[in-house]
Amino acid sequence: MNLLILGGTVFLGRHVVEAALAAGHAVTMLTRGLTQPELFPEARRVHADRGGGLGALPAERWDAVIDTCGFVPRVVSQSLALDWRRYVFVSSVSAYADLSMPNSEEAATQADPVDPANEDVAMHYGALKAACERRVLAFSGGIVVRPGLIGGPHDPTGRFTHWPVRLAEGGDVLAPGPASAPVQVIDARDLAAWLVRLATHGPAGAFNAVGNQTTMGEALATIGDAVGGSGRLTWRRPIEGVAPWSELPLWVGDDTAHAGMMATPNERAVAAGLRLRPLAETARDTLAWARSLVGDPARQADGRYQPRTLTRAKEAKILGLG
Ligand SMILES: NC(=O)c1ccc[n+]([C@@H]2O[C@H](COP(=O)([O-])OP(=O)(O)OC[C@H]3O[C@@H](n4cnc5c(N)ncnc54)[C@H](OP(=O)(O)O)[C@@H]3O)[C@@H](O)[C@H]2O)c1
């Protein structure tokens, strides 16, 4: 099939392109050419900033568009105006209006930002994703996928990578309590394969895209076993001065506003073909990828891996070891 992928050179999109090419589809990628422009020479590469219009794209009918880098409704409206049969929009569970509880797909999403001209994605990420979703779902071939936390090789954020790397290093590892807190991670490769399947076979509609639910205790034990490290989990609660999610990944903190975020139901996605690999495999492969970057400052410096996770010094201080 003739697929247009908006994005495709960082993390999720990169796995989408790999999956689409492996399945034998004709792939056109639109990026600005800023991030890893050398990737995927076998795809047709078009370089343009989608915010400035899509005139650089060939005037073709696309069997499907997969949009991994849509954040602003004005911009997504432009790509929705292309000629396509299915449009798969990568949204986020952050689009839901109330993350204090688990959200099935019918739950309310956030209202548009009060000022429709406000395109501050950092400030209004969930509301803008929700506004984009409404535009996509107005079409009969519109497909909205709401991932929770995505992990796996090529993640530039460190939001899952922290755990396999840290548990493999060993020693006393700060673990955020309670151990019973719900946790979900979806492997980017599983999500990518399913996005391509949705693009080529449907069905249309909105789907949560999250890993099977486990707990913080089980997840960290599974990751530790998978990477064969000697890390000793040292549980603490509360933890002061550490940013949940970014500095200490998988942890939403004690703030109840996000209590439901890691307990999102995934049955609809599984019924529509999402297949999930074991967390242990994601952990092992993510560690192998992270280790492949060691000693290669050029690869780290160009933004492929810029974690904002807890430093060892800060961790030691919290544990009373520093
Ligand atoms: N990571 C998570 O846990 C998580 C959770 C929920 C949802 N999500 C969503 O999942 C998606 C993941 O994104 P990703 O970064 O992994 O995707 P990606 O497709 O691998 O990377 C982003 C791509 O977009 C291109 N791009 C960025 N701005 C552009 C522009 N203005 N015009 C044209 N191309 C542009 C970049 O290339 P150039 O720089 O060369 O332009 C790059 O190829 C996002 O929509 C995010 O909101 C992520």
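When the residues of the range 72-92 are filtered to those that are among the basic types (Lys, Arg) and not in a helix (DSSP H, G or I), which remaining residue is nearest to the ligand (Cβ to nearest atom)? First the steps, then the outcome.
Filtering the range 72-92 for residues among the basic types (Lys, Arg) gives 74, 85-86.
Okay, now just the ones that are also not in a helix (DSSP H, G or I), so 85-86.
Working: 85: 21, 86: 17 Å.
Across the range 72-92, the extreme among qualifying residues is 86.
For the range 136-146, does any single residue satisfy the condition of being in the same structural domain as residue 14 (by TED's automatic domain parsing) and free of Cβ contacts under 8 Å to residues at least 24 places away in the same chain? It would help to see each step written out before you state the result.
At the first step, the residues of the range 136-146 found to be in the same structural domain as residue 14 (by TED's automatic domain parsing) are 136-146.
Going one step further and asking which of them are free of Cβ contacts under 8 Å to residues at least 24 places away in the same chain, we end up with 138.
Scanning the range 136-146 turns up at least one residue that is in the same structural domain as residue 14 (by TED's automatic domain parsing) and free of Cβ contacts under 8 Å to residues at least 24 places away in the same chain.
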Taking the range 29-71 and keeping only residues that are part of a loop (DSSP other than H, G, I, E, B) and among the polar types (S, T, N, Q), one is left with 35, 36, 68
For the list (1) over 30 Å from residue 199 (Cα atoms); (2) not assigned by TED's automatic domain parsing to the domain that holds residue 176, I need the number of the one condition that residue 263 fails.
(1)
Of all residues making up the range 222-268, the number that are under 29 Å from residue 146 (Cα atoms), hydroxyl-bearing (Ser, Thr, Tyr) and either surrounded by 15 or more Cβ atoms within 10 Å (Cβ to Cβ) or touching a Phe, Trp or Tyr at 6+ places or on another chain (Cβ under 8 Å) (or both):
3
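Assess whether residue 9 counts as being within 21 Å of the chain's Cα centre (by Cα), within 8 Å of the ligand (Cβ to nearest atom), in contact (Cβ under 8 Å) with a residue 40 or more places away in the chain and closer than 22 Å to residue 145 by Cβ. Please lay out each step first, then the result.
Working: within 21 Å of the chain's Cα centre (by Cα): yes; within 8 Å of the ligand (Cβ to nearest atom): yes; in contact (Cβ under 8 Å) with a residue 40 or more places away in the chain: no; closer than 22 Å to residue 145 by Cβ: yes.
For residue 9, the condition - within 21 Å of the chain's Cα centre (by Cα), within 8 Å of the ligand (Cβ to nearest atom), in contact (Cβ under 8 Å) with a residue 40 or more places away in the chain and closer than 22 Å to residue 145 by Cβ - is not met.
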Need a quick list: helices (runs of 4 or more DSSP H) entirely within the range 136-228 having at least 3 residues that are acidic (Asp, Glu), more than 16 Å from the ligand (Cβ to nearest atom) and at pLDDT below 95.
none
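The values are calculated or read from the model by the stated rules, or taken from the named source; none is laboratory data. Computed from a predicted model, the values in this text were never measured in an experiment. So basically every Cβ, Gly included, is an ideal-geometry build from the backbone, and we count neighbours across all protein chains shown.
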